[in-house]
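Below is one structure, written out as structure tokens; comments come after it.
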Amino acid sequence: MSRSLTGITVLDLSHALSGPFGTMLLTELGADVIKVEPPGGDHFRPTNGGATFAVVNRNKRSICIDLKKPDAAQIMQRLIGKADVFLETFTPGAAERLGYGYDDVRAIKPEIIYCSISGFGQTGPYRELRGYDAVAQAMSGVMAATGEPDRAPVRVGPSMIDMGTGMYAVIGILDALRTRDQTGQGARLEFNLFESALSWMSQSIARYSQTGIVPPRTGSALATFSPYQVFNGRDGLIFIGASTQKFWERLCQALDLERLISDERFADMPARVANRQALTEIIEETLSQTSNEDILERLRTAHVPCAPVLSVDGVVADPHVAARGTLTPLTDPAIGNILQTRMPIGDGEPPRAAPQLGEHNRDILSEIGFGEVEIDGFFRNEVVQ
């Protein structure tokens, strides 16, 4: 079945997580993503037991080219001529030194959509600093906002900045493709981890600009709401979120705490926030008297936002996940049997395994017009490996 990006070719000169995650999302919409890897491959191939690479590079094809070899230019010129999108994640300036900066690529394909992802952007005093998810979290305020108030800041678990930057890149690429449909013109796009992280902090930055007060760390709680956090239950952790007066009253009724509705300490949201600790103690005392299953049933019946706090094994075994078909077993030739998670976009077609390094060398070289003799020469001279 044709999808929205069927017929679109993406040259993926990215590594690690942000770029590969973004181009993987493009495959979900039907794009043909050609992953251009150096000798030895993407350095993330062995990371996390190979699971990370398997997830963010599924559905792609791989060609292994030594871009420092003079003859590599012949291959790249034809690949660029075939491509609609060129995505790179080199440190600013490196693509230009290799001969594949924006001006170089545009000279070959004027209507190309050229997308760069870096740590801090193509300009500015930090442009050459190495970009990592945790670095962006630390420098953007994300890390300082995460964790318990009386302990050191902590890193957000999943690499949200990396993946969020990849998502921003996808949005930009889709916008540029639509604009090209209308005007015939390509585009120069730039994204970076630091500014992605700042976008997640925009509410805190706006509030600080109003008050001059740095928002405190509040653990699992949200500073503006109470009760709205993880609580200790009798047999595990439960998140309960009463973000409105209606939810608060429903919570009190569901947990037989109606007396708290008229308690001045908890009369409205500012009062409940000011008396968070006292309220937490009362709620946890109530939760300790019955099972988490019963508590969740009562709160859900009352339509109060709540959830068990699940680890990965609990998520994999969750009946709703199974009913929705969100996880797909897949045999990966490099790492064996794994579960792949369906992305929220696309048509839900089961994914193809991530490519082996250079798995599609000959197929791709043939597609762009090289004959067997020429292809054998590229292998002999180690231009492709």
(message) Would you confirm, using the coordinates I've provided, whether SER311 is of a type in the set (Ser, Thr, Tyr) and under 25 Å from the mean Cα position of the chain (by Cα)?
(response) yes
(message) Of the conditions (1) more than 12 Å from ILE117 (Cα to Cα); (2) modelled with pLDDT under 95; (3) surrounded by 17 or more Cβ atoms within 10 Å (Cβ to Cβ), GLY131 satisfies every one except a single condition; which number is it?
(response) (1)
(request) Filter region 101-126 down to residues that are among the hydroxyl-bearing types (Ser, Thr, Tyr), farther than 16 Å from THR9 by Cβ and buried (at least 23 other Cβ atoms within 10 Å of the Cβ), then give me how many there are. (result) 2
(message) List the residue pairs whose Cβ atoms are under 6 Å apart, where the first residue sits in region 239-258 and is in contact (Cβ under 8 Å) with a residue 12 or more places away in the chain and farther than 17 Å from ASN292 by Cβ, the second is of a type in the set (A, V, I, L, M) and open to solvent by less than 10 Å² (accessible area, probe 1.4 Å), and the two are 6 or more positions apart or on different chains.
(response) ALA242/LEU251; PHE247/VAL304; TRP248/ALA242; ARG250/VAL304
(message) Take residues that are closer than 19 Å to ALA169 by Cβ and tell me which of the helices (runs of 4 or more DSSP H) falling wholly in region 72-126 contain 2 or more.
(response) 94-98, 102-108
(request) Identify the residue in region 6-18 that is closer than 18 Å to PRO351 by Cβ and under 20 Å from the mean Cα position of the chain (by Cα) and, among all such residues, is most open to solvent (accessible area, probe 1.4 Å). (result) LEU17
(message) Name the residue that is farthest from PRO333 (Cα to Cα), counting only residues in region 42-68 that are open to solvent by less than 20 Å² (accessible area, probe 1.4 Å) and of a type in the set (Lys, Arg).
(response) LYS60
(message) Kindly evaluate THR52 against the criterion of being out of contact with any helix residue (DSSP H, G or I) (no Cβ under 6 Å at 6 or more places or on another chain), in a loop (DSSP other than H, G, I, E, B) and among the β-branched types (Val, Ile, Thr).
(response) no
(request) For residues that are open to solvent by 50 Å² or more (accessible area, probe 1.4 Å), closer than 18 Å to GLY22 by Cβ, charged (D, E, K, R) and assigned to a helix (DSSP H, G or I), tally how many sit in region 162-220. (result) 3
(message) Residue under question is ALA16, and the condition is that it be farther than 22 Å from GLY186 by Cβ, among the hydrophobic types (A, V, I, L, M, F, W, C) and assigned to a helix (DSSP H, G or I); does it hold?
(response) no
(request) Say whether the condition of being outside any helix (DSSP H, G or I) and loosely packed, with under 11 Cβ neighbours inside 10 Å is met by at least one residue in region 349-366. (result) no
(message) Cβ contacts < 7 Å: first residue farther than 18 Å from GLY346 by Cβ, restricted to region 320-332; second residue open to solvent by 100 Å² or more (accessible area, probe 1.4 Å), any location; separation 6+ or different chain. Result?
(response) PRO329/ASN337; THR331/ASN337
(request) Taking the options ALA242, ALA271, name whichever one is in contact with an Asp or Glu (Cβ under 8 Å, 6 or more places away or on another chain) and small (Gly, Ala, Ser). (result) ALA271
(message) Just to be sure I understand, how many residues within region 293-328 are open to solvent by 60 Å² or more (accessible area, probe 1.4 Å) and closer than 29 Å to ASN59 by Cα?
(response) 11
(request) For region 74-95, name all the residues that are surrounded by fewer than 17 Cβ atoms within 10 Å (Cβ to Cβ) and out of contact with any helix residue (DSSP H, G or I) (no Cβ under 7 Å at 6 or more places or on another chain). (result) GLN74, LYS82, THR91, GLY93, ALA94
(message) Suppose we keep only residues that are free of Cβ contacts under 8 Å to residues at least 40 places away in the same chain and either assigned to a strand (DSSP E or B) or acidic (Asp, Glu) (or both) within region 19-41. Which one would you say is most open to solvent (accessible area, probe 1.4 Å)?
(response) ASP32
(message) Looking only at region 329-348, filter to residues that are more than 17 Å from the chain's Cα centre (by Cα) and open to solvent by less than 40 Å² (accessible area, probe 1.4 Å); which one of those is nearest to ASP313 (Cα to Cα)?
(response) ILE338
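The values are calculated or read from the model by the stated rules, or taken from the named source; none is laboratory data. Because the structure is predicted, anything quoted here is derived from the model rather than measured. Note: ideal-geometry Cβ built from the backbone for every residue, glycine included; neighbour counts use all protein chains shown. Calculation scope for accessible area: heavy atoms of the full protein, side chains included, ligands and nucleic acids excluded. Shrake-Rupley method; radii C 1.70, N 1.55, O 1.52, S 1.80 Å.
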